Amino acid sequence: MKTTGKRSLFLFFFLLLFTAGLCTFLYQYVTQGSKWAMQPYNAHLNGTSTVADGTVADRNGVKLVSTKNGKRTYADSETVRKATLHLVGDSAGNISTGVQNAFKTELTGYNIVTGLTDVHPSKTGGTISLTVDSRLNKLAYNALAGRKGAAVLTNWRTGEILCMVSTPTFDPSDPPSNLQTNSKYSGVYVNKVLSGQLTPGSIFKIVTAAAAIQNIPDLDSRMFTCHGAIKVEGNDITCTNREQHGTQNFQHAFANSCNVTFATLAMEMGKDKMTAAANALGVNSGYTVDTLNAAKGSYDVSKASKNQLGWSGTGQYTDQVSPGYMVRLLGAIANGGSPQELRVIKGVSGDLTDKNKFGSVKTGKQLMSSDVASRLKNYMRGNVKIAYGDDSFDGIDSVCAKTGTAELGSGRGNNGWMVAFSSNESTPYAAAVVVEHTDSFGINSAGPILRDLLAAAAKYKE
């Protein structure tokens, strides 16, 4: 009897393991089956290439890449090919944000029952129309002029990404043989717009300002005095070049990008309130762009000293953001607190694609109250009136902006940033530009690129 009981227990345990394994397999088959089918080593199973047939075009119908029977043909212009690399992808599939790789199951017609077997021989493939305008990508690529960085421009009313450029880049029709060994191409497979984790400098003061609006009731009536630096725990927190801004209200402190004021506010609010504000604004959260996963930013002051907490309020310490996050934040400000979710797919056509899956406007999670959004918009509009000048934004009006110059240390130069949006609903554009490892301030390195992008978007608008 004891032997029978042990055998029954063993069989029951084995059956339990088998059932658990079967359930795991079925779950993965349903959720991951398309990815398994699309692996190149499975091509022999159906006698066809697992490289997606179809075409990817920009919003105006300019062909960016076309694939037929496993052969890819890229855009005619070398500049367009380089400027759209991180959107289109490379032939080896190393760039995860490349559309033909990221959406190839939609283009090839995989389904859970037949796999890649085409039960309708008349099917010929599909076309993905992107939201981007290749002319804007060319403009941003040329303006970056070989420097490392990124540029993104969106329509904040629809969430459409109209421009997305990341550098370094290369010609996917003729990839260099030294991509893996030449430091010139370091990080070339990373789309910095979505996956960049970059020190923001003073553009992060938008986050600190949002926290201050929520936690300091008399913010607009207070006066702040800046003598160029404050000593905290024996170390200075300095304004750029120790510039003394004197006595100023909050609007002027924001326009002057006064480190002393924003460090003081961060220390006054403390770690918990600053972290809560950053979390609410989505700094530490990921998001998706038409199923593409965008990287999280970082605001973590859990182990920061008081001096480091102060620096975190200015966008230094260990703060990190991406250009994609910044235009999403600008979209929330422009839209009264909730951004329209970013997207790169304008529409799909052909008989293998789900036409209802992409192309619609979707409102994202609320990041801030309408009051906070309104006040941030007014402050950023004030920055332009006080510091940058409306005349510097030729071809577009009602611009709200912030610059940033993030010190990287160790002889690596600065990250030069500028972020801005037009609050005029007839030109609903938001942009973020970063130039890495520059010796210039953000207004001088990223500023001209951003201004040209906004003006060109207004010129090209439909």
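In this structure, VAL165 qualifies as of a type in the set (A, V, I, L, M, F, W, C), buried (at least 20 other Cβ atoms within 10 Å of the Cβ), outside any helix (DSSP H, G or I) and modelled with pLDDT of 95 or more. Among the residues of the stretch 61-76, the ones that are farther than 18 Å from LEU136 by Cα, among the β-branched types (Val, Ile, Thr) and touching a Ser or Thr at 6+ places or on another chain (Cβ under 7 Å) come to 1 in all.
Residues in the stretch 244-265 that are on the phi > 0 side of the Ramachandran plot and part of a helix (DSSP H, G or I): there are none.
Here's the yes/no breakdown for (1) surrounded by fewer than 24 Cβ atoms within 10 Å (Cβ to Cβ); (2) among the small types (Gly, Ala, Ser); (3) touching a strand residue (DSSP E or B) at 6+ places or on another chain (Cβ under 6 Å); (4) without any contact (Cβ under 8 Å) to a residue 24 or more places away in the chain:
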site: THR127; (1), (2), (3), (4): yes, no, yes, no
site: LYS138; (1), (2), (3), (4): yes, no, no, no
site: ARG147; (1), (2), (3), (4): yes, no, yes, no
site: ASP174; (1), (2), (3), (4): yes, no, no, yes
site: SER177; (1), (2), (3), (4): yes, yes, no, yes
site: GLN180; (1), (2), (3), (4): yes, no, no, yes
site: GLY187; (1), (2), (3), (4): yes, yes, no, no
site: GLN197; (1), (2), (3), (4): yes, no, yes, no
site: GLY201; (1), (2), (3), (4): no, yes, yes, no
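As for the stretch 189-212, it holds at least one residue that is of a type outside the set (A, V, I, L, M), touching a helix residue (DSSP H, G or I) at 6+ places or on another chain (Cβ under 6 Å) and part of a loop (DSSP other than H, G, I, E, B).
Looking at GLY416, GLY359, GLY389 in this structure, which one is farther than 18 Å from PHE250 by Cβ and at pLDDT below 95?
GLY359
Apart from one condition, ALA151 fits all of (1) of a type outside the set (Val, Ile, Thr); (2) at pLDDT below 95; (3) not in a loop (DSSP other than H, G, I, E, B); the exception is (2).
Note on the stretch 371-412: residues that are of a type outside the set (Asp, Glu) and either in contact with a strand residue (DSSP E or B) (Cβ under 7 Å, 6 or more places away or on another chain) or in a loop (DSSP other than H, G, I, E, B) (or both) amount to 24.
Taking the stretch 184-218 as the range and being of a type in the set (Ser, Thr, Tyr) and in contact with an Asp or Glu (Cβ under 7 Å, 6 or more places away or on another chain) as the test, only THR199 passes. For the stretch 404-451, residues that are in contact with a Leu (Cβ under 9 Å, 6 or more places away or on another chain), buried (at least 18 other Cβ atoms within 10 Å of the Cβ) and in contact (Cβ under 8 Å) with a residue 40 or more places away in the chain total 18. Take ASP171 and decide whether it is modelled with pLDDT of 95 or more, farther than 24 Å from MET418 by Cβ and in a loop (DSSP other than H, G, I, E, B). Yes.
The values are calculated or read from the model by the stated rules, or taken from the named source; none is laboratory data. Owing to the predicted nature of the structure, the values given are computational and were not obtained by experimental measurement. In this analysis, Cβ positions are derived from the backbone assuming ideal geometry, glycine residues included, and neighbour counts consider all displayed protein chains.
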